[in-house]
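So the structure is just underneath, and the comments pick up after that.
The values are calculated or read from the model by the stated rules, or taken from the named source; none is laboratory data. Given the structure is predicted, the values throughout are model-derived calculations rather than measurements. We place every Cβ from the backbone using ideal geometry, glycine too, and count neighbours over all the protein chains shown.
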Amino acid sequence: MRVLFWFCNNFNWTPAIKTLENAPDAKPAENDNTVVAFIHIEPRDVEDGSSAETKLVKNSKWLARKWETENIVLHSFTHLGEEKAEAIKAQELLDRTRERLEKAGYSIVQTPYGYFLNLEIKAPGHPLARIYKEF
């Protein structure tokens, strides 16, 4: 798994191009003061015994605490590597991650899966505003 974390003052999107035929209809959204995880899920991340999901949860919580926010956006971003997991298995991993973070008291939003999005990003120039991790 490869994740590019951003802290964003604003992270907004509008659906642009549907890439998965069976993806449900998607709507625009606006998010303020949020940690955004741009997540590239690889085939090994969805195998039994993988620790990638747990590391994603822990790193998301760590960065949210640093920025004193409970808002986290999970964004599937299959552009950080060449190998990618099957779409259904990647979506399941994101769903489990969302559930775990919600149980821990965070407000979680997932960007529409199966879409390219028009993005509006406003982020501060701070060392903890952009962090890259490989698990």
Checklist entry - Are any residues in region 22-38 of a type in the set (A, V, I, L, M) and either within 13 Å of the chain's Cα centre (by Cα) or buried (at least 18 other Cβ atoms within 10 Å of the Cβ) (or both), and if so, which ones? => result VAL35, VAL36, ALA37
Next on the checklist: Scan region 100-109 and tell me whether some residue there is within 19 Å of MET1 (Cα to Cα) and more than 13 Å from the chain's Cα centre (by Cα).
Outcome noted: yes
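This table checks each residue for (1) touching a Leu at 6+ places or on another chain (Cβ under 9 Å); (2) of a type outside the set (Lys, Arg); (3) within 17 Å of MET1 (Cα to Cα); (4) buried (at least 17 other Cβ atoms within 10 Å of the Cβ).
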{"residue": "LYS55", "(1), (2), (3), (4)": "no, no, yes, no"}
{"residue": "ARG65", "(1), (2), (3), (4)": "no, no, no, no"}
{"residue": "GLY81", "(1), (2), (3), (4)": "no, yes, yes, no"}
{"residue": "LEU94", "(1), (2), (3), (4)": "yes, yes, yes, yes"}
Item to check | Hits in region 55-110 - residues which are modelled with pLDDT of 95 or more and among the aromatic types (Phe, Trp, Tyr) | outcome: TRP62, TRP67, TYR106
Item to check | Residue match in region 3-21 (condition: outside any strand (DSSP E or B), at pLDDT 95 or above, within 11 Å of the chain's Cα centre (by Cα) and under 18 Å from ARG98 (Cα atoms)) | outcome: no
Item to check | Subset of region 39-61 [within 16 Å of the chain's Cα centre (by Cα) and assigned to a helix (DSSP H, G or I)] | outcome: ASP45, VAL46, ALA52, GLU53, THR54, LYS55, LEU56, VAL57, LYS58, ASN59, SER60, LYS61
Next on the checklist: If the requirement is being basic (Lys, Arg) and within 23 Å of GLY125 (Cα to Cα), which of these qualifies: ARG44, ARG2, ARG98?
Outcome noted: ARG2
Checklist outcome for this item: In region 62-93, residues that are in a helix (DSSP H, G or I) and touching a helix residue (DSSP H, G or I) at 6+ places or on another chain (Cβ under 9 Å) total 7
Checklist entry - If we scan region 88-106, do we find a residue that is farther than 21 Å from PHE11 by Cβ and touching a Lys or Arg at 6+ places or on another chain (Cβ under 8 Å)? => result no
Checklist entry - Just one of VAL73, VAL57 is touching a strand residue (DSSP E or B) at 6+ places or on another chain (Cβ under 6 Å) and touching a residue at least 24 places away in the same chain (Cβ under 8 Å); which is it? => result VAL73
Next on the checklist: Suppose we filter GLU120, GLU134, GLU99 for residues that are acidic (Asp, Glu) and either over 30 Å from ASN22 (Cα atoms) or without any contact (Cβ under 8 Å) to a residue 60 or more places away in the chain (or both); which single one remains?
Outcome noted: GLU99
